[in-house]
Amino acid sequence: LKFFRVLHVPMAEFRTPARSLHVCLIGEPGTGQSSLLRSYRGHSLEDVRKQESFVTVAEVDGEPFRVRFTDIGGQAMFDPLRKPIIATAHVVLLCLSLANPNVESTEEKWATLIREVNATAPVIVVGLRSDARSVAISDEGEEGMALADRINAVGYLECSAATGFRVSEVIDKALVTGKEHFLAAQQMRRSHFAASRAKDQHLRDLGTRREQRGTVDCEDVPEEPPLLGLLVPVDPPDAFDCGDEAITLDDDVAAVSDDQIQSGLSVLGLTPQAGRHAYLRCTLNGLGLTSLDGLRSFGQLQYINCSGNQLRSLEPLCALPYLLELNASQNLLRRTQSFSGQRQLLNCDLSYNFISTLGDWSNHRYLRKLCLRGNFIQSVSPGLRSCKFLQELDLAENHLMGLENLASCQELTTLRLESNQLSSVHGLDQLRNLQALDLSSNLLVSLEGLEAENHPRLRALAVASNYLSHIQHVEALVPFRGLQDLWLAPNPVCSLPEFRAQILRRLRQLRNLDAAAISCEEKVKADVVYGDDLEEREATWRAVLPREPFEDRRMITDQKLMDEEIQLFGQLGGPMNLDVDEHLEPIPAGVEFTADG
C-alpha cells in the first residue's frame with residue numbers, strides 16, 4: 001500500500017504580507033545610495049561594501065507590505081540585469097550626489113536607461129549627501145528639480161545618510177509612491193479586462209445584427225483597448241559569464257572568519273565517515289559576508305544558513321559533499337548553479353537574489369524542496385526534469401508568463417506561483433499529486449485548465465487578487481471533492497450579491513473560505529435561503545392546504561441573483577473595474593504544511 005501525506009493549512013500562520021513592493025535605486029558608483037539604505041536600516045555607514053540590497057516588511061499607510069530594496073548602481077557585474085530590475089520596480093529612485101554633482105552624466109546614462117526599458121514605474125530624483133553640498137548646487141535644489149522636470153519624474157527630494165536628515169522621509173515617500181503605482185496598475189488591468197469584456201459583448205450583438213441585415217459596418221467594431229499597467233517584457237540577460245563571480249581582494253572585504261564559523265556551529269551528530277561525531281550545522285546569516293572560503297575545511301557540514309549576506313558565489317560549498325540543506329536567500333547570486341557537488345541536497349532556498357534563469361538542477365536529483373521566490377525568472381526551463389522527488393516548489397514573485405517543463409515533477413505537492421504574470425493555468429495537468437496551489441496576484445480571468453481529474457488530491461487553492469468575475473468561474477471547482485481551503489478575495493466575483501452563500505452552496509466540501517472557518521450553521525443556512533428543500537415544502541403545502549396555490553417563498557434564486565447583478569452592475573458578473581483593495585487576511589510566503597499520517 002502507498003500512503004499519501006495529508007496536508008493541513010494552519011490558519012493562524014497566515015500573517016505574512018501578501019503584497020510586495022520593489023524599490024529600485026540607481027545612480028553613478030559612489031553616489032551614496034547604499035549608504036542611504038544602511039542609514040534607513042540603522043547600520044554603520046563605515047561599511048565598505050559596494051552594494052546594499054535587502055528585503056523587509058514595512059507598513060505603508062497602515063498596511064503591511066513585503067518590500068525589496070535593490071541597489072543596482074554599484075557593480076558592473078549587474079549591468080545585464082539592470083533592465084529587468086528597472087522594468088519590475090514599483091518606484092525608481094534616481095540618485096545623484098550633492099557633494100560631487102554630475103547632473104549631465106546622470107541624465108544621459110540613467111534617464112536614458114529608464115526610457116529604453118519603457119518602464120511604467122514613477123521616478124523620484126533624490127539628492128544625497130546634502131550635508132556636504134557643493135557650492136555648484138543651490139540650497140533650493142533647483143538643479144535637481146530641473147532634472148526631475150526634464151525626465152518627467154514625480155518629484156525631487158534631498159537627504160543625508162551621514163546625519164540622518166530626511167532619510168525616513170525619502171523612504172516613506174518612495175513606499176507611498178510605490179504603493180500608489182501598485183494599486184493604479186491593478187486598476188488599469190481591471191479597466192482593460194472590463195473593456196475587453198465589453199468588446200466581446202459588442203461583437204456578440206454585431207453577430208445578431210448580421211443575422212438580421214446580413215452585414216456589419218467596419219466602424220461598428222471597437223478598437224482593442226491598450227493593455228496598461230502590466231510589467232513590460234524585457235529580453236533575458238545575455239549568457240552568464242562565470243568570471244563575474246570572481247572576487248578580488250579589494251572586493252572580498254568580509255570573508256568568513258574562523259571565529260564566525262566556530263560561533264555558528266551547532267547540532268552535534270554522527271558523520272558518514274566511520275560514525276565520528278562532529279558539528280553538522282553552521283549558521284552565518286546576516287553577517288554581511290562576501291565569501292565563504294573558510295568553510296572548505298568543514299566537510300562534515302550538512303546544514304548551512306548563509307542568508308542575508310553579500311555573496312556572489314557559493315563555489316566553496318562544493319567542498320561539502322554531505323550538504324543536505326542550504327539557505328542562501330537575500331544575497332547577490334546571479335545563477336542557481338554556482339555550486340554543484342552536493343548530490344544529496346534535499347532543501348535549497350535561493351530566494352531574493354538576482355537569478356534570471358532557473359538553471360540546471362540535474363546534479364541534485366534528490367531535491368525535495370526548492371525556493372526561488374523573489375528573483376527575475378521569466379520562464380520555467382527544463383532544468384527540473386531530473387528532480388523526480390521534488391515535493392515543494394516556490395516560484396512566487398518572479399515574472400513568469402507561462403508554465404511549462406513541470407511535467408516531470410510528478411511528486412510535487414506544493415506549488416507557489418503568486419505575484420507573477422500568469423494569464424492561464426495550462427501546464428499543470430501532469431501534477432497529479434498536487435495538494436496546495438497558490439496562484440494569487442496574477443492575471444487570471446478564468447480557471448480553465450485546472451481539472452479535477454488531473455489534480456485529484458488538491459486540498460488548498462489560492463486565487464486571490466486576480467480577475468475572476470463570474471460565479472461560473474467558481475463552479476469549475478465543484479468537481480474537486482477534496483478541496484478544503486479556498487482564497488478568493490479580492491476578486492470581482494466577491495462583489496456579487498450573497499457571494500458567500502453562493503460559494504457555500506456550490507462548494508459544500510470547503511472548511512475555510514478566505515481565511516475564515518466555515519461553520520455547519522453557515523452551510524445549513526445557505527441551503528435554507530436557497531430553498532433546496534423546495535419539493536418537500538410544496539408536498540407539505542399540498543397535504544395541508546390542497547385547495548390553496550403553493551407560494552414559492554425562497555429568499556434566493558438564480559434568477560433573482562442575475563436580476564440583482566444586472567441592476568447593480570449593468571451586467572452579469574462582478575465589475576472588472578471595481579476597486580477591491582480590501583484589507584483581508586493575506587496569503588503568506590512560508591506556510592509550513594505539516595504531514596499527518
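Data table
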quantity: Karplus-derived HN-Hα couplings along the stretch 320-330 (A = 6.51, B = -1.76, C = 1.60, θ = phi - 60°), whole Hz, x at Gly and Pro; calculated: 10, x, 9, 4, 10, 9, 9, 10, 10, 6, 6
quantity: Spin-label pair ASP79/ALA255, simplified geometry with 7 Å Cα→Cβ offset, distance in nm; calculated: 2.8 nm
quantity: Cross-link table LYS109/LYS173; LYS83/LYS179; LYS83/LYS388, entries beyond 26 Å C-alpha to C-alpha; calculated: LYS83/LYS388
quantity: Cα centroid separation - the stretch 134-170 against the stretch 63-98, whole Å; calculated: 18 Å
quantity: Cβ-Cβ FRET estimate between ASN454 and GLU180, R0 fixed at 51 Å, reported to 0.05; calculated: 0.80
quantity: Sites THR540 and ASN100 - FRET efficiency at Förster radius 51 Å, r taken between beta-carbons, to 0.05; calculated: 0.05
quantity: With every protein chain in place, the stretch 361-410: carbon and sulfur % of accessible area (1.4 Å); calculated: 50 percent
quantity: Accessible-area composition of the stretch 48-170, carbon plus sulfur, in percent [1.4 Å probe]; calculated: 46 percent
quantity: Protection-proxy order for peptides 59-65, 316-322, 457-463, each taking the mean of Cβ atoms within 10 Å per residue, highest first; calculated: 457-463, 316-322, 59-65
quantity: FRET efficiency estimate (nearest 0.05) - Cβ-Cβ, CYS318 to ALA132, R0 60 angstrom; calculated: 0.85
quantity: Calculated from backbone phi, Karplus (6.51, -1.76, 1.60) coupling profile of the stretch 181-186 in Hz, x at Gly/Pro; calculated: 5, 4, 6, 5, 5, 4
quantity: Full-stretch length increase - ALA476, GLU404 - with 0.36 nm per residue and alpha-carbon distance subtracted; calculated: 23.7 nm
quantity: Zone residues, the stretch 479-509, relative to SER519, backbone N less than 19 Å from point 7 Å out along Cα-to-Cβ; calculated: 499-505, 508-509
quantity: Global form of the stretch 288-399, assessed from the alpha-carbon gyration tensor, a/c cut-off 1.5; calculated: oblate
quantity: Heavy-atom accessible area per residue - the stretch 311-353, 1.4 Å, Å²; calculated: 28 Å²
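The values are calculated or read from the model by the stated rules, or taken from the named source; none is laboratory data. Just so you know, these numbers come straight off a predicted model, no measurement behind them. As a convention, Cβ positions derive from the backbone with ideal geometry for all residues, glycine included, and neighbour counts pool all protein chains shown. The protein model used for the area step is the full one, side chains on, heavy atoms only, and it has no ligands, DNA or RNA in it. Shrake-Rupley method; radii C 1.70, N 1.55, O 1.52, S 1.80 Å.
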